[in-house]
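*Asks:* Dumping the structure here so I can ask a few things about it.
Bear in mind these aren't lab numbers, they're just calculated from the coordinates by the rules spelled out. These numbers were taken from a predicted model, which means no experiment stands behind them. Counting neighbours? That spans all protein chains shown, and the Cβs are built from the backbone with ideal geometry, glycine included.
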Amino acid sequence: MSDKATLEIKGQKHEFPLIVGSEDEVAIDIKTLRGVTGGVTTIDPGFKNTGSCESGITFLDGEKGILRYRGYSIEDLAEKADFLEVAYLLIFGELPTKEQLDKFHADIKEKSVVDEDIKKIIESFPKAAHPMGVISSLTSALTSFNPSSVDVSSDEAMYNAIVKILGKFPVLVAWTMRRRMGLPLDYGDDSLGYVENILKMMFKRPDKEYVQNRVLVDALDKLLILHADHEQNCSTSTVRIVGSSHAGLFASLSAGISALWGPLHGGANQAVLEMLEAIKEDGGDTKKYMAKAKDKEDPFRLMGFGHRVYKNFDPRAKIIKVAADEVLADLGIEDPILDIAKGLEQEALNDEYFVKRKLYPNVDFYSGIIYRGMGIPVEMFTVMFALGRLPGWIAQWKEMRLRKEPIGRPRQVYTGENFREFKSINKR
Ligand code: ACO
C-alpha cells in the first residue's frame with residue numbers, strides 16, 4: 001500500500017500522508033489540505049468518517065465487536081478487574097500495582113468531602129428536576145468551589161484534580177438521587193471499597209443499618225467498567241473539545257454530562273426502559289413495536305438498538321445480558337420486562353430491516369433492567385452511565401491536554417444568502 005493518498009481538485013494533484021494506527025487503522029492526514037488547495041475543506045456531518053485525534057486509550061473494532069482499554073479486552077476487565085483498577089488503567093495507562101491502587105483509593109477518599117454549601121444548591125432545584133440536569137450543574141459548580149485551574153504541566157496538580165473529582169462525583173450522584181427520594185444527604189463510609197461506598201451512599205436509610213449485597217456490588221462494578229470509555233463518542237468528543245479551549249476539567253466534564261443526556265446517546269438507557277414499560281402496558285405486543293420502528297413515517301425507534309460504530313454486535317451488550325440474568329435470578333426478581341427485551345432482541349435479530357442495517361442491541365438495551373433490579377429510579381440511569389464514563393472522560397481530557405492539541409474548531413460550507421444591501425425597517 002502506498003503511504004500517500006492523492007487528491008485531484010480542479011486538475012491539480014495533491015498528496016497527503018497516511019497515518020497507520022497500532023491496529024492498522026489507516027487515516028488520511030489532511031492537516032495541510034486548506035493550505036495547499038487554497039481553502040478547500042471537507043464536509044462530514046456527524047463526523048462519520050472523520051478522526052478528531054490520535055489516541056492511545058481505547059481501541060474498538062465495530063465490525064469484529066472488539067473493545068479494549070489500553071490493550072486489555074473488555075471481557076477480561078469485566079471479569080477480572082474492579083472499577084477503580086480500570087479507572088486507574090484508563091487514566092494513567094497501566095494496571096496499578098497493589099500499592100498504587102491502595103494509594104489511589106486513599107487519595108480519592110481523602111478528597112471526597114463536598115462543600116456543605118453544595119447542599120444549598122441541590123435544595124434550590126425543584127425535587128422533580130431531571131437528575132442529569134442537576135448533576136451537570138453540580139459538576140460545573142465544583143469549579144466555583146475549587147477555583148484554581150489545573151496546571152497541566154504539573155503531574156501533582158493533575159493527579160490532585162483527578163482524585164478530587166473521582167472522590168466528589170459519587171457523593172453528588174448519591175445526593176442527587178437522595179434528594180429526589182427525600183432522604184438525608186449523608187457522606188460516605190471511609191472503610192468501604194469504591195463501589196460498595198457508592199451503593200451505601202445511594203441507598204442507606206436513616207432508620208436502618210445498610211447491609212451490603214455482593215451481587216449488587218459485583219453487578220455495579222461490571223456495569224461501571226463496561227461504560228468506562230468508548231473512544232470518541234458524542235460526550236467524550238464534547239469533553240475534549242470544551243477542554244481544548246483550556247476550560248478546566250470540571251467544566252469540561254459538565255459539558256460531557258450534558259452531551260450524554262440525549263436519548264441517542266447515554267439517555268438511551270432510560271428511553272429503553274420506558275419503551276419496554278410502554279410495550280408491557282400496551283399488552284406486550286412486540287410485533288407492533290417492531291413495525292413502528294421500521295415505519296419511516298413513524299418517529300419511533302427501537303431504543304437500545306443500533307450503534308454508530310458497532311455493525312456486528314456490541315461486546316458490552318453480550319456481557320450485560322448475562323449479568324442481567326444473574327442479577328435478577330440472585331435477587332429473586334421475575335421481571336416481565338426482561339422477557340419483552342429478550343423477545344424484541346430475537347425478533348430484531350431475525351428481521352430483514354434490522355439485519356440489513358446491522359442494528360444489534362447496544363450496551364444500554366439491558367443495563368436499565370439491572371439498574372431497576374437494584375432499585376435505582378429510571379431517571380437516574382443516565383447518571384449511572386456518567387458515573388461509569390467519568391474515568392474515560394478524565395483520561396481523554398488529560399491525553400488531549402498533554403498532547404497539546406489545538407482548540408477544536410471545525411469548518412463549514414456556507415449555504416446562506418450572498419451579500420445583501422441592508423434595508424431600513426420601513427422598506428422590508
Ligand atoms: N430503530 C429503528 N431504525 C433504526 C435504529 C433503531 N434503533 N437505529 C438506526 N435505524 C435505522 C435508521 O432509520 C437508518 O435507516 P435508513 O438507512 O433506512 O435511513 C439506518 O438504521 C441507519 O441509522 P442512522 O441513524 O443513520 O445511524 P447512526 O449511526 O447515525 O445512529 C444511533 C446510531 C444514534 C445509535 C441509532 O442507531 C439510534 O438512534 N439508536 C437508538 C438509540 C440508542 O439506543 N442509542 C444508544 C447508543 S449507544 C450509546 O450511546 C451508549
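*Asks:* Rounded to whole Å, give me the distance from the Cα center of the stretch 21-62 to that of the stretch 307-349.
*Replies:* The two parts, judged by their Cα centres, are 34 Å apart.
*Asks:* Å³ per residue of the Cα convex hull, for the stretch 298-428? Could you put the intermediate results ahead of the total?
*Replies:* On the way: hull volume 34.2 nm³, N = 131.
Hull volume over Cα atoms, normalised by residue count, gives 261 Å³.
*Asks:* Using the number of other C-beta atoms within 10 angstrom as an exposure proxy, rank F145, F381, F59 with the fewest first.
*Replies:* On the way: F145 14, F381 26, F59 18.
Fewest-to-most Cβ neighbours within 10 Å comes out as F145, F59, F381.
*Asks:* What translational diffusion coefficient, in µm²/s and rounded to a whole number, does the Stokes-Einstein relation yield for the stretch 54-97 at 4 °C and a viscosity of 1.567 mPa s, taking the hydrodynamic radius as the Kirkwood radius over Cα pairs?
*Replies:* Numbers: Rh = 10.8 Å.
Reported coefficient: 120 µm²/s.
*Asks:* Also, quick follow-up: Considering the options F422, A157, Y69, tell which one lies farthest towards the positive end of the dipole of the chain, charges being +1 on Lys and Arg and -1 on Asp and Glu at the Cβ, about the Cα centre.
*Replies:* With unit charges placed on the Cβ atoms, the residue in question is F422.
*Asks:* Given the alpha-carbon gyration tensor of the stretch 185-248, what are the semi-axes of its equivalent ellipsoid in whole angstrom, ordered largest first, with each equal to the square root of 5 times an eigenvalue?
*Replies:* On the way: eigenvalues 207, 51, 15 Å².
Equivalent ellipsoid of the stretch 185-248: 32, 16, 9 Å, largest first.
*Asks:* Could you work out the per residue convex hull volume over the alpha carbons of the chain, in cubic angstrom? The partial results should precede the final answer.
*Replies:* Numbers: hull volume 93.1 nm³, N = 428.
About 218 Å³ per residue, rounded to a whole number.
*Asks:* For D218 and D186, compute 0.36 nm times the residue count separating them, minus their Cα-Cα distance, and round to one decimal in nm. Mind showing how you got there, number by number?
*Replies:* Values: separation 32, 0.36 × 32 = 11.52 nm, distance 2.31 nm.
Going from the current span to full extension adds 9.2 nm.
*Asks:* log₁₀ I(q)/I(0) of the stretch 131-222 at q = 0.17, 0.18, 0.22 Å⁻¹, via Debye over equal Cα point scatterers, no solvent, to two decimals?
*Replies:* Rounded to two decimals, the profile gives -0.84, -0.91, -1.15.
*Asks:* Considering just Cα atoms, how many Å³ per residue does the convex hull of the stretch 227-294 enclose?
*Replies:* Cα-based convex hull of the stretch 227-294, divided per residue, equals 102 Å³.
*Asks:* So what is the calculated 222 nm ellipticity per residue for the chain, using -39500 (n - 2.57) for each DSSP H run with n of 4 or more, over all residues, to the nearest 500 deg cm²/dmol?
*Replies:* Numbers: 18 runs with 224 residues, N = 428.
Estimated from H runs of four or more residues: -16500 deg cm²/dmol.
*Asks:* Further question: Please list the helices of the chain that count as membrane-span-like by this rule: a mean Kyte-Doolittle hydropathy of at least 0.0 together with Cα atoms stretching 15 Å or more along the helix axis, each helix being a complete DSSP H run. All intermediate terms of the calculation are to be shown ahead of the outcome.
*Replies:* Details: long enough: 98-110 (18 Å, -1.50); 131-145 (20 Å, 1.08); 155-181 (40 Å, 0.24); 214-227 (20 Å, 1.08); 249-261 (18 Å, 1.57); 268-281 (19 Å, 0.16); 315-331 (25 Å, 0.46); 336-349 (20 Å, 0.29); 364-374 (16 Å, 0.14); 381-402 (32 Å, 0.38).
In the chain, the long hydrophobic H runs are 131-145, 155-181, 214-227, 249-261, 268-281, 315-331, 336-349, 364-374, 381-402.
*Asks:* Plugging the Kirkwood radius over Cα pairs into Stokes-Einstein for the stretch 1-143, at a temperature of 25 °C and a viscosity of 0.890 mPa s, what D comes out in µm²/s? Don't skip to the answer; put the middle values down first.
*Replies:* Values: Rh = 20.3 Å.
Value of D from the Cα-based Kirkwood radius: 121 µm²/s.
*Asks:* Sticking with this structure for a sec: Return the distance in nm (one decimal) between the two label points of a simple spin-label model at E123 and E15, each offset 7 Å from Cα along Cα→Cβ.
*Replies:* Once both label points are built, they end up 7.0 nm from each other.
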